[in-house]
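Note sheet for the following structure.
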């Protein structure tokens, strides 16, 4: 479980996160939603230690993740983290297999053959069997995301962070990526945190949904009860998508009937 | 400016920490030697041959006096090439080639979150990415400078004999006259300092890029300009100290 306690963060003189308190459960897809610029990415980057929190702390199964604290503990926690970045963040200089093997090369004592086998296993898990030798420039957007997921799970992480995993993807590929993350989360009991503003993802895989608005945690619920919310800001957020707007309309009509 | 210098030293502090997996680290050094060093051989050779030839022609024209023996052209060409042309001029050429390569590579890695990906894995990205570049430059740039000296002297000989109709014997006699081994030590010492400045300053500008593609371009320019300034200033200081 990941616990966020009174987390605040200021960037460029603006308070981007204000007193966030949050518990993210293992084996579930914990979604953080909000408009662009609401602070989702800053929250995720602060959670994984890319930004230092101005106040508050993040606990990974009770272990504090602060830069000024025990350096070994920080490294230990980081090695239990897998992260899928918005653009994939694949290493251009390495082919697909080497990208997936990168964390194994760095931290594992496995033989070369075992590392290759593990990397191929991860690629097969994301439906990219046989893509080993492709260069990253030959990959489509969806394939890049899948390779990034394969790299993130290569070290069998306890915590998986996905920053807008389906941004820039077509609806069908987005659905596949969502289903893949959800399956992996359940299979391995990982604590998965997903930043998104895609309402399809919210409704389909949102085991817990946390709505961030102007740097504050505005609403908590899940993909099932989000349509029942009477919070003005979250309704406004949902109505931005034509599909959700219609869903919301039908949902209300059903309730009134 | 002072802030940038402070940040540069803070980055160096991170760079000179344990890079993690040593086997992979040395593989990384070899890769950098190939990309930063071996790839520079054609450019260094080409520039050196032509500048060596131009120096010899200039010397011969300007030293055309019955009071100055002809072999002095070879001697003066050797001095100019070993002491300044090879280490300093080629240092500036390498600042352009290697500096822009390093800054744009690291800058692109920064804006596409590849550096963040390395950090999230629990690695020291500064040490993993920058230290191999510094080591590769400090190991291979002296070899490039030796190559530059040889090719520049060959260019000088070709111009002296082929264009200025000097005898080959006179030019080579001049090259061999009044040998001074310290000149080479001085050239190598300067090269090592320049190699450090080129690799570390360019890495600093690339690694600390914020923004997008436009900023990567700006960082690349800053890397080349500031590496060149560092080379010129340190050249003056080292000339005063060592000669």
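The values are calculated or read from the model by the stated rules, or taken from the named source; none is laboratory data. Not measured: the values here are computed from a predicted model. Glycine also receives a Cβ, built like all others from the backbone with ideal geometry; neighbour counts cover every protein chain displayed.
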* Is it true that some residue in the stretch B:2-20 is assigned to a helix (DSSP H, G or I), buried (at least 19 other Cβ atoms within 10 Å of the Cβ), in contact with a helix residue (DSSP H, G or I) (Cβ under 8 Å, 6 or more places away or on another chain) and within 14 Å of chain A (Cβ to nearest Cβ)? -> no
* Say whether the condition of being more than 11 Å from chain B (Cβ to nearest Cβ), in a loop (DSSP other than H, G, I, E, B), modelled with pLDDT of 90 or more and over 30 Å from residue A:198 (Cα atoms) is met by at least one residue in the stretch A:102-117. => yes
* Test set (1) touching a residue at least 60 places away in the same chain (Cβ under 8 Å); (2) surrounded by fewer than 23 Cβ atoms within 10 Å (Cβ to Cβ); (3) under 18 Å from residue B:178 (Cα atoms) - residue B:88 fails condition number -> (3)
* Hey, any hits in the stretch B:138-149 for a residue that's within 14 Å of another protein chain (Cβ to nearest Cβ), under 15 Å from the mean Cα position of the chain (by Cα), crowded, with 22+ Cβ neighbours inside 10 Å and within 28 Å of residue B:239 (Cα to Cα)? -> no
* Asked: Among the candidates B:94, B:83, which residue alone is away from every other protein chain (no Cβ under 14 Å), within 23 Å of the chain's Cα centre (by Cα), surrounded by fewer than 23 Cβ atoms within 10 Å (Cβ to Cβ) and in a helix (DSSP H, G or I)?
  -> B:83
* Residues that are assigned to a helix (DSSP H, G or I) and farther than 22 Å from residue A:167 by Cα, drawn from the stretch A:200-232 -> A:227, A:228, A:232
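Of all residues in the stretch A:166-175, which are free of Cβ contacts under 8 Å to residues at least 40 places away in the same chain and either more than 12 Å from the chain's Cα centre (by Cα) or surrounded by fewer than 21 Cβ atoms within 10 Å (Cβ to Cβ) (or both)? Before you say what the answer is, go through the steps one by one.
Going through the stretch A:166-175, the residues free of Cβ contacts under 8 Å to residues at least 40 places away in the same chain turn out to be A:166, A:168-175.
If the condition is that a residue be free of Cβ contacts under 8 Å to residues at least 40 places away in the same chain and either more than 12 Å from the chain's Cα centre (by Cα) or surrounded by fewer than 21 Cβ atoms within 10 Å (Cβ to Cβ) (or both), then A:168, A:169, A:170, A:171, A:172, A:173, A:174, A:175 are the ones that fit.
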* Structure fact -> For residue A:193, the lone unmet condition from (1) farther than 19 Å from residue A:175 by Cβ; (2) surrounded by fewer than 23 Cβ atoms within 10 Å (Cβ to Cβ); (3) in contact with a helix residue (DSSP H, G or I) (Cβ under 7 Å, 6 or more places away or on another chain) is (2)
* Asked: Among (1) part of a loop (DSSP other than H, G, I, E, B); (2) at pLDDT below 80, which single condition is residue A:243 missing?
  -> (1)
* With the checklist (1) within 18 Å of residue B:55 (Cβ to Cβ); (2) more than 17 Å from the chain's Cα centre (by Cα) in hand, flag the one item residue B:182 doesn't pass. => (1)
* Within the bounds of the stretch B:21-41, is there any residue that is surrounded by 20 or more Cβ atoms within 10 Å (Cβ to Cβ), in contact with a helix residue (DSSP H, G or I) (Cβ under 6 Å, 6 or more places away or on another chain), within 14 Å of chain A (Cβ to nearest Cβ) and within 30 Å of residue B:205 (Cβ to Cβ)? -> yes
* Structure fact -> Restricted to the stretch B:113-127 and to residues being in a helix (DSSP H, G or I) and more than 7 Å from chain A (Cβ to nearest Cβ), the residue surrounded by the fewest Cβ atoms within 10 Å (Cβ to Cβ) is B:127
* Asked: Looking at this structure, is residue A:44 in contact with a helix residue (DSSP H, G or I) (Cβ under 7 Å, 6 or more places away or on another chain), on the phi < 0 side of the Ramachandran plot and not in a loop (DSSP other than H, G, I, E, B)?
  -> no
* **Of all residues making up the stretch A:135-165, the number that are outside any helix (DSSP H, G or I), more than 13 Å from every other protein chain (Cβ to nearest Cβ) and buried (at least 24 other Cβ atoms within 10 Å of the Cβ)** => 1
* Scanning the stretch B:150-164 for residues that are under 22 Å from residue B:184 (Cβ atoms) and crowded, with 18+ Cβ neighbours inside 10 Å, which turns out farthest from the chain's Cα centre (by Cα)? -> B:160
* Asked: Given the conditions (1) under 20 Å from residue A:145 (Cα atoms); (2) in a helix (DSSP H, G or I); (3) within 11 Å of chain B (Cβ to nearest Cβ), and given that residue A:97 satisfies all but one, which numbered condition is not satisfied?
  -> (3)
* Return the total of residues in the stretch A:54-87 being surrounded by 14 or more Cβ atoms within 10 Å (Cβ to Cβ) and assigned to a loop (DSSP other than H, G, I, E, B). => 8
* Within the stretch A:41-53, is there a residue that is more than 14 Å from every other protein chain (Cβ to nearest Cβ), touching a residue at least 60 places away in the same chain (Cβ under 8 Å) and surrounded by 14 or more Cβ atoms within 10 Å (Cβ to Cβ)? -> yes
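I'm trying to understand the selection: among the residues of the stretch A:47-82, which are under 19 Å from residue A:190 (Cβ atoms) and out of contact with any helix residue (DSSP H, G or I) (no Cβ under 8 Å at 6 or more places or on another chain)? Walk me through it before giving the result.
Start the filter on the stretch A:47-82 by keeping residues that are under 19 Å from residue A:190 (Cβ atoms), which leaves A:47-49, A:58-63, A:65, A:76-82.
Across the stretch A:47-82, the qualifying residues are A:47, A:59, A:61, A:62, A:76, A:77, A:80.
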* To do: Report, by residue number, each residue of the stretch A:117-133 that is touching a residue at least 12 places away in the same chain (Cβ under 8 Å) and either within 15 Å of residue A:168 (Cα to Cα) or surrounded by fewer than 16 Cβ atoms within 10 Å (Cβ to Cβ) (or both).
  => A:127, A:133
